[in-house]
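Chemist: Questions regarding the structure given below will be posed in turn.
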Amino acid sequence: MLLDQAQTLRKLMISDDSPRARIVAVTSGKGGVGKTNIAVNLAIKLTELGQRVILLDADLGTANADVLCNLTPGGNLAHVVAGRKTLQDAIVQAPGGFGLIPGASGLARMAALGEYERSHLIHQIQNLETKADIILVDTGAGVGPNVLGFALGADQLLVVTTPEPTAVTDAYAAIKTIQRQRQDVDVHVLVNMVQSAEEARQVFGRIEAVCQKFLNLNIQFAGHVNADVSVGHAVRRRRPFVLENPTCPASVAVGRLARQLNRQASEAKGGVLERASSWWGG
């Protein structure tokens, strides 16, 4: 039944030539690499460039984008999954002007959604595709079913890693797992918390080499974000660092990434259901 519904909706979407948001899944192989902080600050810089941006905090079970923005929302993703709100209803205005759909933190059920609940969220994202220019989806870390579902539905995968060997290894594992289910995945790697551009290039080079050798996959370098004390200061103040210190090295780096994504934010091909077809086995 679910597969039949997905196929029907995909056919309708193929015939719909209205502009659709570019969906970028921000993910990582392991936690603690700054993925959510990157997603929040990237949303602000994209908004500054004139894009209509929605950030979906889909780090199910341990979401904290609202905390970084010093928000106490009345609704979140748990209400959407329960059918009490739509994603549109759950959007709150975040610092910097982007729309944030807060996630749910501390709920074990959210971290282990069933197939029907995951598909319901994908349908909800499809309803937002004409209401934004870019939808950023902050996924959980790792390669669980929830992460895979959102990654398979995205136009682009932004994999965040750090120079730590475990982070690099897990970033490759995430790319490999996703690419097995979607051969045409568009992977961009961002190296966070680096000491220099040279270090970032070396880290990316290691991931690129194994992707080419074992996956026959060409990945793109999304750049780097410097290790910056201003980031930690901003987190403690619960304020995005691009607003707290717009000229710090990390803010400059995220601005550079935003300009790169802005150039790619042309009309998306197909819709989220079409791109996620392999998730349903279609």
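Chemist: The conditions are (1) in a loop (DSSP other than H, G, I, E, B); (2) under 23 Å from ARG239 (Cα atoms), and VAL40 fails exactly one of them. Which is it?
Modeler: Condition (1) is where VAL40 drops out.
Chemist: Being more than 13 Å from ILE44 (Cα to Cα), surrounded by fewer than 17 Cβ atoms within 10 Å (Cβ to Cβ) and modelled with pLDDT under 70 is the requirement here; does GLU267 meet it? Reasoning before the result, please.
Modeler: Working: more than 13 Å from ILE44 (Cα to Cα): yes; surrounded by fewer than 17 Cβ atoms within 10 Å (Cβ to Cβ): yes; modelled with pLDDT under 70: yes.
Spelling it out, GLU267 is indeed more than 13 Å from ILE44 (Cα to Cα), surrounded by fewer than 17 Cβ atoms within 10 Å (Cβ to Cβ) and modelled with pLDDT under 70.
Chemist: A further question on this structure: Picking from VAL160, VAL137, VAL143, which residue would you name as being in a loop (DSSP other than H, G, I, E, B), under 28 Å from VAL81 (Cα atoms) and aliphatic (A, V, I, L, M)? Before the answer, list the steps.
Modeler: Details: VAL160 fails: in a loop (DSSP other than H, G, I, E, B); VAL137 fails: in a loop (DSSP other than H, G, I, E, B).
The conditions single out VAL143.
Chemist: Let me ask another. Out of (1) within 15 Å of the chain's Cα centre (by Cα); (2) closer than 25 Å to PHE214 by Cβ; (3) at pLDDT 90 or above, what's the single condition that is false for LEU136?
Modeler: Among (1) within 15 Å of the chain's Cα centre (by Cα); (2) closer than 25 Å to PHE214 by Cβ; (3) at pLDDT 90 or above, the lone unmet condition for LEU136 is (2).
Chemist: Among the residues of region 192-216, which ones are crowded, with 18+ Cβ neighbours inside 10 Å and either aliphatic (A, V, I, L, M) or assigned to a helix (DSSP H, G or I) (or both)?
Modeler: Taking region 192-216 and keeping what is crowded, with 18+ Cβ neighbours inside 10 Å, we get 192-194, 200, 203-204, 207-208, 211.
Within region 192-216, MET193, VAL194, ALA200, VAL203, PHE204, ILE207, GLU208, CYS211 meet the criteria.
Chemist: Consider region 56-90. How many of its residues are under 21 Å from GLY149 (Cα atoms) and either modelled with pLDDT of 90 or more or aromatic (Phe, Trp, Tyr) (or both)?
Modeler: Looking only at that region, the number is 6.
Chemist: Can you find even one residue in region 144-156 that is farther than 25 Å from GLN181 by Cα, modelled with pLDDT of 80 or more, of a type in the set (D, E, K, R) and crowded, with 19+ Cβ neighbours inside 10 Å?
Modeler: Pass one, region 144-156, residues farther than 25 Å from GLN181 by Cα: none.
There is no residue in region 144-156 that is farther than 25 Å from GLN181 by Cα, modelled with pLDDT of 80 or more, of a type in the set (D, E, K, R) and crowded, with 19+ Cβ neighbours inside 10 Å.
Chemist: Within region 217-264, can you find the residues that are of a type in the set (Asp, Glu) and either part of a helix (DSSP H, G or I) or within 24 Å of LEU157 (Cα to Cα) (or both)? Give the steps one after another, and end with the answer.
Modeler: We begin by selecting, within region 217-264, every residue of a type in the set (Asp, Glu); these are 228, 244.
Residue satisfying the conditions is GLU244 alone.
Chemist: Please determine whether any residue of region 172-185 is in contact with a Leu (Cβ under 7 Å, 6 or more places away or on another chain), among the basic types (Lys, Arg) and surrounded by fewer than 19 Cβ atoms within 10 Å (Cβ to Cβ).
Modeler: Yes, region 172-185 contains a residue that is in contact with a Leu (Cβ under 7 Å, 6 or more places away or on another chain), among the basic types (Lys, Arg) and surrounded by fewer than 19 Cβ atoms within 10 Å (Cβ to Cβ).
Chemist: Now, a different point. Only one of ALA200, ALA258 is touching a strand residue (DSSP E or B) at 6+ places or on another chain (Cβ under 6 Å) and modelled with pLDDT of 95 or more. Can you tell me which? Break it down into steps so the answer makes sense when it comes.
Modeler: Values: ALA258 fails: touching a strand residue (DSSP E or B) at 6+ places or on another chain (Cβ under 6 Å).
Exactly one of ALA200, ALA258 is touching a strand residue (DSSP E or B) at 6+ places or on another chain (Cβ under 6 Å) and modelled with pLDDT of 95 or more, namely ALA200.
Chemist: A further question follows. Under the condition of being in contact with a helix residue (DSSP H, G or I) (Cβ under 7 Å, 6 or more places away or on another chain) and without any contact (Cβ under 8 Å) to a residue 40 or more places away in the chain, which residue from region 179-208 is nearest to SER230 (Cα to Cα)?
Modeler: VAL194
Chemist: It is to be established whether one or more residues within region 165-187 are in a strand (DSSP E or B) and more than 28 Å from ARG238 (Cα to Cα).
Modeler: Yes, because at least one residue in region 165-187 is in a strand (DSSP E or B) and more than 28 Å from ARG238 (Cα to Cα).
The values are calculated or read from the model by the stated rules, or taken from the named source; none is laboratory data. The model shown is predicted, which means the values in this text are computed figures rather than measured ones. Virtual Cβ from ideal backbone geometry, glycine too; neighbours counted across all protein chains shown.
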